[in-house]
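Enquirer: Just dropping this structure here.
The values are calculated or read from the model by the stated rules, or taken from the named source; none is laboratory data. As the structure is a prediction and not an experimental result, all values here were calculated from the model. Every residue, glycine among them, receives a Cβ derived from its backbone with ideal geometry; neighbour counts consider all protein chains shown.
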Amino acid sequence: MTKLTVNKLRVDLGGKSVISDVSIAISLGDWICVIGPNGAGKSSLLKAIAGILPSGGDMFIDDVNLRGLSHRDRACWIAYVAQDPIMPPGMTVFNYVLLGRTAHLKMLASESHVDFEVAHFVITELGLEAFLDRDVMTLSGGERQRVAIARALTQASPIVLLDEPTTALDVGYQQEVLELIDRLCKEKKIAVISTMHDLTVAGLYPKELLLLHHGKIYDAGKPDQVLTRENIAEVYGANIEIISTNGMLAVIPVRLQT
Amino acid sequence: MRTATARRMPRWVWAISAVAVLVTITLGVCVGAVYITPANVWAALLGQFATGIPSISEAQETIIWQLRLPRVLLAFVVGSMLASAGCAYQGTFRNPLADPYLLGVSAGAGLGATLIIVNSSVTKNFYLPVAAFVGAMAAVSLTYFLGRSAISGRSSTALILAGVAVASVLTALQTLIQQQNTDVLREVYSWILGRLSTSGWSELLVIAPYILICSYVLLRYRRVLDVFSVGDEEAQTMGLPVSKARGAIIVAASLGTAAAVSVSGLIGFVGIIVPHILRLISGNSYRTLLPLSMIFGGVFLVLADILARTVLAPQEISIGVITALLGAPFFLFVLGSSKSGSIS
């Protein structure tokens with residue numbers, strides 16, 4: 001089964017080590033969520049895997065060395081959605097989603113009907129038909145995120161990286177986007193690595209959590225193993241309580257003095 | 001279910017464009033010190049290729065073939081190049097203020113032209129365009145070299161800043177030379193404000209190959225310009241070799257602009273106003289915006305040149321003055337009257 005292996009990844013920015021010694025292995029159909037406080041290196045980790053931050057260490061998909069690939073070949077393996085994707089004003093949803101086919105086209109070629117079909121298929125899958133001709137600038141936060149995910153899926157890469165897909169969203173939209181990602185992992189057998197801010201939400205969907213602290217892996221494993229009182233106190237410097245009901249975790253902040 | 005189709009401009013847009021081109025070119029050839037009827041213009045044009053068309057006087061034929069037509073076509077080609085170069089720069093830098101002169105083209109061309117104008121011992125007709133072209137290309141190369149080595153091509157802002165710096169230095173040099181030679185001030189200014197006085201077909205024939213090739217390259221990159229609109233980082237993760245593509249677009253746009261200004265002088269506003277007016281009408285996708293900019297940049301400059309020739313006839317106004325005086329208020333009018341003024 002296809003598997004992404006990242007081994008001893010390191011990223012230096014301006015002489016400062018941002019990520020060091022991070023190793024990840026993820027198979028298709030899995031969802032790993034990277035958590036950690038502000039500045040722990042979550043976004044840098046995703047950007048390094050996406051190839052937009054220079055990094056050291058090995059990255060393989062099965063026995064394909066990602067280091068040796070062109071931007072275009074790499075994009076056929078890995079898609080990436082930024083934390084706050086730029087929505088080009090005046091562009092329709094369909095044309096935006098269609099941009100995802102770039103990796104499958106020669107640089108100066110235009111799309112064929114196959115590319116149109118793929119974009120339409122993804123748009124239908126994600127229930128975005130009603131938005132086809134809408135200007136992407138007029139979309140709400142949740143719609144934007146879904147349209148950006150649609151663009152990443154149109155790229156048809158087995159690995160999808162999502163930087164904070166739910167951060168700016170209200171709880172309803174959050175749920176909608178998370179359910180969508182969960183369904184895509186399971187049905188389409190894509191591997192998702194996301195970062196997330198909200199610890200309770202992070203404990204709810206992903207199969208595995210990766211807790212980053214100062215650019216290193218502090219702990220990794222199933223949500224109930226990683227989301228512990230001790231881990232959060234140490235890494236976030238926060239005083240919390242973990243409540244577990246029906247196998248679901250909730251992270252509750254506790255006031256220091258009452 | 002709807003069928004999968006690309007969102008393309010309807011055919012009638014291209015039909016209107018074709019009509020606009022034919023009408024303005026005809027008008028440009030008709031209007032001047034001697035008015036020639038459109039029928040006679042077409043008789044002269046078609047008479048070269050077909051028989052049985054009523055012939056017109058030899059004088060009119062000379063005016064059409066040797067004076068008006070080369071000038072009108074030159075205006076069209078220059079306007080088309082300036083507008084598409086501006087459009088391409090705006091796309092690749094994701095900057096609405098980008099114009100064809102962004103990376104120092106104007107300052108370099110201005111310095112080159114000034115050096116020739118003050119040097120009375122050379123044949124200006126021949127050397128002026130050459131010097132302007134060399135100056136423009138040298139300035140862009142310098143900007144590109146400095147901007148890339150600053151942050152190793154990761155940020156396009158570095159390139160724009162390098163362009164500003166290069167332009168400042170070259171403009172300062174040009175001003176210095178100009179101050180030392182106040183006797184040619186008038187000539188220098190007339191060049192800087194742009195002028196399209198031609199002598200036959202030579203200018204057009206010299207710049208046409210550059211402009212045709214550059215326009216073709218930019219047209220091939222129109223989908224890539226759309227990919228740039230999601231930002232450099234995401235464009236790269238979508239498989240676009242960002243630096244390479246930007247480099248190719250900059251080279252094509254700069255080379256074409258340099259060729260255009262070498263014979264026309266520094267005509268302003270076309271490269272920024274034409275694409276933005278079209279954005280308000282056709283949307284922001286470069287797939288349609290770029291070809292439309294080529295067409296209507298040409299149309300706009302032919303119309304501006306008609307005014308430059310006729311308003312104060314027999315005196316000619318610098319065409320750059322016309323494009324600024326008419327273009328800017330018209331642009332503001334369009335901007336103000338469009339409710340969803342989505343300028344990216």
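Enquirer: Could you check region B:54-111 and list, in sequence order, the residues that are over 17 Å from B:ARG287 (Cα atoms), over 10 Å from the mean Cα position of the chain (by Cα) and among the β-branched types (Val, Ile, Thr)?
Expert: If the condition is that a residue be over 17 Å from B:ARG287 (Cα atoms), over 10 Å from the mean Cα position of the chain (by Cα) and among the β-branched types (Val, Ile, Thr), then B:ILE56, B:THR62, B:ILE63, B:ILE64, B:VAL72, B:VAL105 are the ones that fit.
Enquirer: Let me ask something else about it. When B:SER199 is evaluated against the numbered criteria (1) away from chain A (no Cβ under 14 Å); (2) closer than 24 Å to B:VAL77 by Cβ; (3) surrounded by 17 or more Cβ atoms within 10 Å (Cβ to Cβ), which criterion, by number, is the only one it fails?
Expert: The one condition B:SER199 does not meet is (3).
Enquirer: Something else now. Just to be sure I understand, how many residues within region A:120-142 are more than 7 Å from every other protein chain (Cβ to nearest Cβ), out of contact with any strand residue (DSSP E or B) (no Cβ under 8 Å at 6 or more places or on another chain) and surrounded by 18 or more Cβ atoms within 10 Å (Cβ to Cβ)?
Expert: 7
Enquirer: What residue, of B:SER190, B:SER215, is modelled with pLDDT of 95 or more, part of a helix (DSSP H, G or I), small (Gly, Ala, Ser) and farther than 30 Å from A:ARG74 by Cα?
Expert: Just a single option satisfies the conditions, and that option is B:SER215.
Enquirer: How about region A:1-17: which of its residues are part of a strand (DSSP E or B) and loosely packed, with under 14 Cβ neighbours inside 10 Å?
Expert: Passing the criteria: A:ASN7, A:LYS8, A:LEU13, A:LYS16.
Enquirer: In the list B:GLU316, B:GLU233, which residue meets the criterion of being facing another protein chain (nearest Cβ under 9 Å) and surrounded by fewer than 24 Cβ atoms within 10 Å (Cβ to Cβ)?
Expert: B:GLU233
Enquirer: Just one of B:LEU103, B:LEU73 is among the hydrophobic types (A, V, I, L, M, F, W, C) and at pLDDT 90 or above; which is it?
Expert: Residue meeting the stated conditions: B:LEU73.
Enquirer: A further question on this structure: Determine whether A:SER112 is polar (S, T, N, Q) and more than 22 Å from A:LEU161 (Cα to Cα).
Expert: When the stated conditions are applied, A:SER112 passes them.
Enquirer: May I ask you to list pairs of residues, at least six apart or on different chains, whose Cβ atoms are under 6 Å apart, with the first in region B:186-202 being under 13 Å from B:ALA260 (Cα atoms) and in contact (Cβ under 8 Å) with a residue 12 or more places away in the chain and the second being buried (at least 19 other Cβ atoms within 10 Å of the Cβ) and of a type in the set (Val, Ile, Thr)?
Expert: Once the first residue is under 13 Å from B:ALA260 (Cα atoms) and in contact (Cβ under 8 Å) with a residue 12 or more places away in the chain and sits in region B:186-202, its partners that are buried (at least 19 other Cβ atoms within 10 Å of the Cβ) and of a type in the set (Val, Ile, Thr) give B:GLY194/B:ILE267; B:GLY194/B:ILE319; B:LEU196/B:ILE319.
Enquirer: Within region B:238-265, count every residue that is within 17 Å of B:LEU193 (Cα to Cα) and surrounded by 24 or more Cβ atoms within 10 Å (Cβ to Cβ).
Expert: Count: 8.
Enquirer: Just checking, which of B:ALA172, B:ALA165, B:ALA208 is in contact with a Ser or Thr (Cβ under 9 Å, 6 or more places away or on another chain) and either closer than 26 Å to B:ILE322 by Cα or not acidic (Asp, Glu) (or both)?
Expert: Selected residue: B:ALA165, the only one of B:ALA172, B:ALA165, B:ALA208 that is in contact with a Ser or Thr (Cβ under 9 Å, 6 or more places away or on another chain) and either closer than 26 Å to B:ILE322 by Cα or not acidic (Asp, Glu) (or both).
Enquirer: Just to check your reading of the model, which residue among B:LEU289, B:LEU303 is surrounded by fewer than 22 Cβ atoms within 10 Å (Cβ to Cβ) and assigned to a helix (DSSP H, G or I)?
Expert: B:LEU303
Enquirer: Further question on the same structure: Identify the residue in region A:58-96 that is assigned to a strand (DSSP E or B) and at the interface with chain B (Cβ under 8 Å from one of its Cβ atoms) and, among all such residues, is surrounded by the fewest Cβ atoms within 10 Å (Cβ to Cβ).
Expert: If we take residues in region A:58-96 being assigned to a strand (DSSP E or B) and at the interface with chain B (Cβ under 8 Å from one of its Cβ atoms), then A:THR92 is surrounded by the fewest Cβ atoms within 10 Å (Cβ to Cβ).
Enquirer: Moving on. Would you check if A:SER20 is modelled with pLDDT under 95, within 27 Å of A:ALA202 (Cβ to Cβ) and in a helix (DSSP H, G or I)?
Expert: Against the criterion (modelled with pLDDT under 95, within 27 Å of A:ALA202 (Cβ to Cβ) and in a helix (DSSP H, G or I)), A:SER20 does not qualify.
Enquirer: On the given criteria, is A:GLN175 under 30 Å from B:ARG222 (Cα atoms), within 18 Å of the chain's Cα centre (by Cα) and in a helix (DSSP H, G or I)?
Expert: The answer is no for A:GLN175.
Enquirer: If you don't mind, another one. Just for region A:143-168: of the residues that are over 22 Å from A:LEU132 (Cα atoms) and surrounded by fewer than 20 Cβ atoms within 10 Å (Cβ to Cβ), which one is modelled with the lowest pLDDT?
Expert: Looking at the filtered set, the residue picked out is A:ALA168.
Matching residues to (1) over 30 Å from A:GLY41 (Cα atoms); (2) of a type in the set (A, V, I, L, M, F, W, C):
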residue: A:SER110; (1), (2): yes, no
residue: A:ARG134; (1), (2): yes, no
residue: A:ARG144; (1), (2): no, no
residue: A:ALA152; (1), (2): no, yes
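Enquirer: I'd like to check something: does region B:333-341 contain any residue that is touching a Leu at 6+ places or on another chain (Cβ under 6 Å) and either within 14 Å of another protein chain (Cβ to nearest Cβ) or at positive phi (or both)?
Expert: Taking every residue of region B:333-341 in turn, at least one turns out to be touching a Leu at 6+ places or on another chain (Cβ under 6 Å) and either within 14 Å of another protein chain (Cβ to nearest Cβ) or at positive phi (or both).
Enquirer: Here is a further query. Considering A:GLY51, A:GLY14, A:GLY39, which residue is within 14 Å of chain B (Cβ to nearest Cβ) and without any contact (Cβ under 8 Å) to a residue 12 or more places away in the chain?
Expert: A:GLY14
Enquirer: Just for strands (runs of 3 or more DSSP E) wholly inside region A:182-258: which have at least 2 residues that are at pLDDT below 90?
Expert: Here the list reads A:240-245, A:248-253.
Enquirer: For A:GLU117, state whether it is at the interface with another protein chain (Cβ under 10 Å from one of its Cβ atoms), among the charged types (D, E, K, R) and part of a loop (DSSP other than H, G, I, E, B).
Expert: No, not satisfied.
Enquirer: Could you grab me the full set of residues in region A:21-42 that are crowded, with 18+ Cβ neighbours inside 10 Å and of a type outside the set (A, V, I, L, M)?
Expert: A:GLY29, A:ASP30, A:TRP31, A:CYS33, A:GLY36, A:GLY41, A:LYS42
Enquirer: Can I ask one more? Starting from region B:13-25, take each residue that is farther than 9 Å from B:ILE295 by Cα and list its partners that are among the small types (Gly, Ala, Ser) and modelled with pLDDT under 95, counting only C-beta distances under 9 angstrom and pairs at least six apart or across chains.
Expert: B:VAL13/B:SER282
Enquirer: While we're on this one: Looking at A:GLU208, A:GLU230, A:GLU241, A:GLU234 in this structure, which one is of a type in the set (Asp, Glu), closer than 23 Å to A:LEU162 by Cβ and out of contact with any Ser or Thr (no Cβ under 9 Å at 6 or more places or on another chain)?
Expert: A:GLU208
Enquirer: OK, next. In this structure, does B:LEU128 turn out to be touching a residue at least 40 places away in the same chain (Cβ under 8 Å) and hydrophobic (A, V, I, L, M, F, W, C)?
Expert: Judged against the criteria, B:LEU128 is a match.
Enquirer: For the structure I just gave you, tell me whether B:LEU219 is within 14 Å of chain A (Cβ to nearest Cβ), within 16 Å of the chain's Cα centre (by Cα) and touching a residue at least 40 places away in the same chain (Cβ under 8 Å).
Expert: yes
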